[in-house]
1. Among the residues of the stretch 83-99, which ones are in a helix (DSSP H, G or I) and of a type outside the set (D, E, K, R)?
2. Restricting to the stretch 169-194, name every residue that is open to solvent by 40 Å² or more (accessible area, probe 1.4 Å), over 17 Å from K128 (Cβ atoms) and touching a residue at least 40 places away in the same chain (Cβ under 8 Å).
3. As an exercise: evaluate K117 against (1) surrounded by 14 or more Cβ atoms within 10 Å (Cβ to Cβ); (2) in a strand (DSSP E or B) and give the number of the one condition it does not meet.
4. What is the number of the single condition among (1) within 19 Å of the chain's Cα centre (by Cα); (2) at negative phi; (3) touching a residue at least 12 places away in the same chain (Cβ under 8 Å); (4) not in a strand (DSSP E or B) that A124 does not meet?
5. Those residues that are under 10 Å from the mean Cα position of the chain (by Cα) and either more than 22 Å from K96 (Cα to Cα) or assigned to a loop (DSSP other than H, G, I, E, B) (or both), I need them from the stretch 140-151; list them, please.
6. Quick one: in the stretch 134-168, of everything that is free of Cβ contacts under 8 Å to residues at least 60 places away in the same chain and charged (D, E, K, R), which residue is most open to solvent (accessible area, probe 1.4 Å)?
7. With the checklist (1) touching a residue at least 24 places away in the same chain (Cβ under 8 Å); (2) charged (D, E, K, R); (3) farther than 17 Å from V60 by Cβ in hand, flag the one item D112 doesn't pass.
Amino acid sequence: MVNSKIKVLEQLREKFGVSQESIIAYWDQQKILAEQVVDGSLEKEETDNYSFNGRYPFKVLYADNTISDAPQECKAVAIVISSRFALKLLKPEDFKKSRLTYNDAMLFAQQDVIGHKATAGSRAFWKKMAKMNAHGLKNLRQLMLSLGSEPLGNYCWVADDFDEAYAWRVSFNDKTLTTCRKCYFNEVWPILEL
């Protein structure tokens, strides 16, 4: 039992880039919150706003180029997904512009964000994202909202096209990559190379 818990903790630590102490504290905090929900001293909606004991479930890239899982005074720019990539945050007004046809989406995604080049993300990147479990995806979307961004949607363009008429898109509903006609509208998210 102890070895399996340590293995799970290590997997979570690697996946979310947070310390083992933060994960243990989060689990302890969730037990306390669950007890408070049961006894009626805390509403269920309030539990969704808690972070990992003062830490975020993902590391965040800030405007001064620092990366931390702790809240900072500097403006958040992106959420770090892996050691190589970060998902740029989109303000509501930018997000409205990010539902585009494939060719326009590729142009929108190619940004220079505080010295990091961005694309719409490769198939390899989005395959890993599509495999994220429901809890991880919920945490990612909640963190995006708390940082002032629109949350990641269910269908996003991938930087790789399939042929003249079709391109790849990720489907979080199906947890797969599928092809879609380039003339259709899907979200696009700038993926920064770190």
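1. Residues satisfying the conditions are P92, F95.
2. C183, Y184, F185
3. (1)
4. So A124 meets the others, but not (3).
5. Of everything in the stretch 140-151, just one residue is under 10 Å from the mean Cα position of the chain (by Cα) and either more than 22 Å from K96 (Cα to Cα) or assigned to a loop (DSSP other than H, G, I, E, B) (or both), namely P151.
6. Across the stretch 134-168, the extreme among qualifying residues is E164.
7. Here D112 meets the rest and fails (1).
The values are calculated or read from the model by the stated rules, or taken from the named source; none is laboratory data. Not measured: the values here are computed from a predicted model. Cβ sites come from the backbone with ideal geometry, for glycine too, and all protein chains shown count toward neighbours. Just the protein is used for accessible areas: all its heavy atoms, side chains included, with ligands, DNA and RNA removed. Shrake-Rupley method; radii C 1.70, N 1.55, O 1.52, S 1.80 Å.
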